[in-house]
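In what follows, a single structure is set out as structure tokens and then discussed.
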Amino acid sequence: QVQLVESGGGLVQAGGSLRLSCAASGIIFSINTMGWYRQAPGKERELVAAIASDGNTNYADSVKGRFTISRDNAKNTVYLQMNSLKAEDTAVYYCNARWRYFVYWGQGTQVTVSS
């Protein structure tokens, strides 16, 4: 059974930082592309950042320079370090694992940034 369990969300003031974690089980973590997506109320889910099995990363333009994605294959965990948070970063953040046509999602963690 595949499980992606996010943690680290919460309420933070604008300009603050949070670090999200996603612990994976039931998959061969090291071969998966891991990603963070977010969905704000009334908006579609969007890619925030992704990290491939070879460590290559890509980011949404809106978070470049503020967010950093990383992975620890020994711990089957992917992280999202979020700095200089803005009110528009408020959303539910979802962890995603992808390998070929296999795609898995976590339950999501709420991030609320107060202005």
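Read the figures in this text as sums done on the coordinates, not as results from a lab. Remember, it's a predicted structure, so these values are computed and weren't measured experimentally. Methodologically, a virtual Cβ is constructed for each residue, glycine included, from the backbone with ideal geometry; neighbour enumeration extends over all protein chains shown.
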When the chain is fully extended, how far beyond the present Cα-Cα distance does ASN73 get from SER17, taking 0.36 nm per residue of separation? 17.8 nm
Per residue of the stretch 36-43, what does 6.51 cos²θ - 1.76 cosθ + 1.60 with θ = phi - 60° give for ³J(HN,Hα)? Whole Hz please, x for Gly and Pro, Karplus curve as stated. 10, 10, 9, 9, 8, x, x, 10
Which whole-number percent gives the relative contact order of the chain, counting Cα pairs below 8 Å spaced six or more residues apart? 36 percent
Can you spot the lysines whose alpha carbon is less than 27 Å from LYS43's alpha carbon? Ignore those fewer than 8 places along the same chain. LYS64, LYS86
Per DSSP, the loop-located chymotrypsin sites (Phe, Trp or Tyr not before Pro) within the stretch 63-115 having at most 15 other beta carbons within 10 Å are TYR101
Of all GluC sites (Glu not before Pro) in the stretch 1-109, which ones are in loop regions per DSSP and have a Cβ with at most 16 other Cβ atoms within 10 Å? GLU44
If you build a Gaussian network model of the chain, linking Cα atoms that sit under 10 Å apart, which residue out of ARG71, ARG38, ARG98 swings the most? ARG98
